[in-house]
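These notes concern the structure reproduced below.
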Amino acid sequence: MNKNIKRGLYCKMEKAKTYEQLVPQVEALIKDVDNHVGALANVSALLHSSFLHYFWCGFYIVKGDALELGPFQGEVACYTIKKGRGVCGKAWEDKQTAVVPNALQFPGHIACSSKSRSEIVVPVFKGNDVIAVIDVDSKGYSAFDDIDKDGLEKIAKIISPLFMTC
Ligand code: SME
């Protein structure tokens, strides 16, 4: 097997292992914490510091017909995103994870930072309703794959109760 393919496989396995290890860490971090904004800030810090491919990582919370900026790690970001707009609004509207390998080519992409090149947005559900999204940006193209999708969807389920009082 060629060296680059081997390295790629190793990286994918490492990433999957890190997400697996994050699940109990996130559970412990939010257990019995009444300060839900603080808990979400800590979850974004934990995620951001766990992966080199994360450039921006945080939450947008559904308030009426828009997403409002929640706790995050990274550069300053836009406050409000309408349903259907940008990657976040699209994932909300579609009620499914959006993986965007090239943000520059995504129609309507909202460039909070000109450094972002790829993005993943994972909806957080209460029942059938989207109540928030997890948004992660990378400076590299095609940084996110099914491993990120599975890992973040698991984390979205765990943190869902935190948004019910935000
Ligand atoms: N790029 C996002 C906007 C949020 S920032 O990336 C933090 C979008 O297109 O929805």
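The values are calculated or read from the model by the stated rules, or taken from the named source; none is laboratory data. Everything quoted here is computed from the prediction, not taken from an experiment. Here the Cβ positions follow ideal geometry from the backbone for every residue, glycine too, while neighbour counts run over all protein chains shown.
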Taking residue 80, is it within 23 Å of residue 33 (Cβ to Cβ) and surrounded by fewer than 19 Cβ atoms within 10 Å (Cβ to Cβ)? no
If the requirement is being at pLDDT below 95, among the hydroxyl-bearing types (Ser, Thr, Tyr) and more than 10 Å from the ligand (Cβ to nearest atom), which of these qualifies: 142, 114? 114
Residue pairs within 7 Å by beta carbon, gap of at least six or interchain, first lying in the range 143-155 and at negative phi and of a type in the set (A, V, I, L, M, F, W, C), second modelled with pLDDT of 95 or more and in a loop (DSSP other than H, G, I, E, B), listed first then second, are 143/53
Run residue 152 past the list (1) near the ligand (Cβ under 8 Å from one of its atoms); (2) closer than 21 Å to residue 30 by Cβ; (3) outside any strand (DSSP E or B) and report the number of the one that doesn't hold. (1)
Just to be sure I understand, how many residues within the range 112-149 are part of a loop (DSSP other than H, G, I, E, B) and β-branched (Val, Ile, Thr)? 0
Segments classed as strands (runs of 3 or more DSSP E), wholly inside the range 26-111, with at least 2 members that are without any contact (Cβ under 8 Å) to a residue 40 or more places away in the chain, within 15 Å of the ligand (Cβ to nearest atom) and over 14 Å from residue 134 (Cα atoms): 80-82
Could you look through the range 139-166, keep only residues that are surrounded by 14 or more Cβ atoms within 10 Å (Cβ to Cβ) and β-branched (Val, Ile, Thr), and pick out the one that is nearest to residue 17 (Cα to Cα)? 147
